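Heads up, the thing below is written out as structure tokens.
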Amino acid sequence: MIVSIRPAVLDGADRGPVSAMLADYHAQTEGEKVAHGVAEPGELPERYAAEVRDPAASFAGADVIVAARDGEAIGMAVLHRAGADVEIKRLWVAPAGRRSGAGSALMADAAARGRAAGATGLRLSVWDWRADALALYARQGFVEVPSWESRQRLVCLRLPL
């Protein structure tokens with residue numbers, strides 16, 4: 001089963017799958033933040049709920065890419081220009097798609113898109129408790145850099161292109 005990466009069609013067939021992946025991503029992240037003492041329990045913050053409701057509007061101006069296997073969306077990432085770099089946000093692979101190579105494929109596609117756009121690097125931030133994600137990024141060649149984040153426990157990483 002080969003994983004393919006393609007641009008998301010947020011005003012069409014990918015709206016539902018991307019919304020569902022964003023809902024899962026935010027639910028897991030908010031739960032982890034509560035468990036690790038960096039957030040209080042409660043409803044999903046409105047800025048994240050808006051992404052779930054309308055990803056096309058929330059990510060206007062960004063590139064949203066989807067990892068698919070057998071025609072089914074199993075992962076996603078949002079790519080924003082951040083100065084000379086491209087920042088990866090909302091990188092998510094659904095549980096059923098994990099260990100399929102989807103995460104690595106999304107990262108490779110993000111790097112190719114960054115190079116094509118003239119970016120000098122990829123950057124991202126990740127919570128320090130996400131050991132699997134940190135290991136994936138290290139395998140991809142990302143290194144820790146000084147933080148651009150104001151939130152504690154976020155690790156900032158960069159991959160030169």
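Sub-6 Å Cβ pairs linking a first residue in region 141-154 that is in contact (Cβ under 8 Å) with a residue 12 or more places away in the chain to a second residue that is of a type in the set (Asp, Glu), at least 6 apart or interchain, are 153/128, ordered by first then second residue.
From the list 53, 98, 139, the one residue that fits, being at pLDDT below 95, over 13 Å from the mean Cα position of the chain (by Cα) and either under 15 Å from residue 21 (Cα atoms) or polar (S, T, N, Q) (or both), is 98.
Screening residue 59 against (1) loosely packed, with under 14 Cβ neighbours inside 10 Å; (2) without any contact (Cβ under 8 Å) to a residue 60 or more places away in the chain leaves a single unmet condition, (1).
Within region 18-35, track down each residue that is open to solvent by 50 Å² or more (accessible area, probe 1.4 Å) and not hydrophobic (A, V, I, L, M, F, W, C). The answer is 24, 28. Taking the criterion of being surrounded by fewer than 19 Cβ atoms within 10 Å (Cβ to Cβ) and at pLDDT 95 or above, the residues of region 70-81 that qualify are 80, 81.
Starting from residues that are surrounded by fewer than 16 Cβ atoms within 10 Å (Cβ to Cβ) and of a type in the set (A, V, I, L, M), keep the ones in region 45-55 and report whichever is nearest to residue 9 (Cα to Cα).
Going through the qualifying residues, I end up with 50.
Considering 148, 129, the condition of being of a type in the set (Phe, Trp, Tyr), over 14 Å from the mean Cα position of the chain (by Cα) and within 24 Å of residue 62 (Cα to Cα) is satisfied by 148 alone. Starting from region 8-37, keep only residues that are under 28 Å from residue 113 (Cα atoms), then list their pairs with residues that are modelled with pLDDT of 95 or more and surrounded by fewer than 18 Cβ atoms within 10 Å (Cβ to Cβ) whose Cβ atoms are within a distance under 6 Å, requiring at least 6 positions of separation or different chains. Note: pairs meeting the criteria are 10/56; 11/56.
Residues of region 100-117 that are part of a helix (DSSP H, G or I), more than 19 Å from residue 127 (Cα to Cα) and open to solvent by 20 Å² or more (accessible area, probe 1.4 Å): 105, 108, 109, 112, 113, 115, 116. In summary, residue 142 fulfils each of the numbered conditions (1) loosely packed, with under 13 Cβ neighbours inside 10 Å; (2) farther than 26 Å from residue 9 by Cβ; (3) touching a strand residue (DSSP E or B) at 6+ places or on another chain (Cβ under 7 Å) with the single exception of condition (1).
The values are calculated or read from the model by the stated rules, or taken from the named source; none is laboratory data. The structure presented is a predicted model; accordingly, all values stated were derived computationally and were not measured. Counting neighbours? That spans all protein chains shown, and the Cβs are built from the backbone with ideal geometry, glycine included. In case anyone asks, the SASA skips ligands and DNA or RNA and just uses the protein heavy atoms, side chains included. Shrake-Rupley method; radii C 1.70, N 1.55, O 1.52, S 1.80 Å.
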